[in-house]
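Just below is one structure, and these are the notes that go with it.
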Amino acid sequence: MARPFSAQHLARSFHLKRCSDLRGHFSLLTMMHGARLLRAGQGLAQPLVHRAATVTLEWDVRQKSRFDCTDSQGRRVGVFLSRGTVLRGGDVLVAEDGSLVRVIAAPQAVLVITPEPRTGTPFDLTRAAYHLGNRHVPIELAPGHLKIEPDHVLAEMVRAMGLDVSRCTVPFEPESGAYGGHNHAGGHHHGAHHGHPDHAGG
């Protein structure tokens, strides 16, 4: 069983800098260079995780290795992670002084793709995932549905395959690597697709 990390042990991977903003107001900017990332708060006592400050971030931010945000205590946080690191809801970052910052996946607009209720089959989702994957689309997979970011071209493509598409606002947690190595899932528009063969007959 993993033992809870001490604040002193966790702090060694972080740097904390105080700086002034351009308006001359003093502010606290927590700079997390090469931040130690604890997946789902692994190794931490749950009461500590629940008391931690939080940052609520959409997928477009959580897939970036460098970004600025403001935590639930009003602190400005500059996050510098290893290239390719993706933050998930429930992950925990730790400041130099040992304080915790818990990541919350923000609800955001998504398209939910499901089989047609009367005639659809689970294979329909497999087929849709294949064609979406050809377009390097971030996809959240579940046994009974797929989720993608809003895109009217892709929505029409999937409807033409006989699936239902609805819009809702929920956290979005796509599969790692589903975006084909691209680091811009939120801004990847599909009006001009990549030219992969569509294999539509299958």
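Quick notes
- Carbon-plus-sulfur accessible fraction, the stretch 76-168 (probe radius 1.4 Å, protein heavy atoms only): 57%.
- Residue 108 long-range amide H proximity, modeled H, under 5 Å: 170, 172
- Per residue, the solvent-accessible area of the stretch 50-121 (1.4 Å probe, heavy atoms of protein chains only, all protein chains present) comes to 46 Å².
- Relative contact order for the stretch 107-161, counting Cα pairs under 8 Å that sit 6 or more residues apart, in percent: 44 percent
The values are calculated or read from the model by the stated rules, or taken from the named source; none is laboratory data. Only a predicted model underlies this, so the values are computations on that prediction, with no experimental measurement involved. The accessibility values were calculated without ligands, DNA or RNA, using every heavy atom of the protein model including side chains. Shrake-Rupley method; radii C 1.70, N 1.55, O 1.52, S 1.80 Å.
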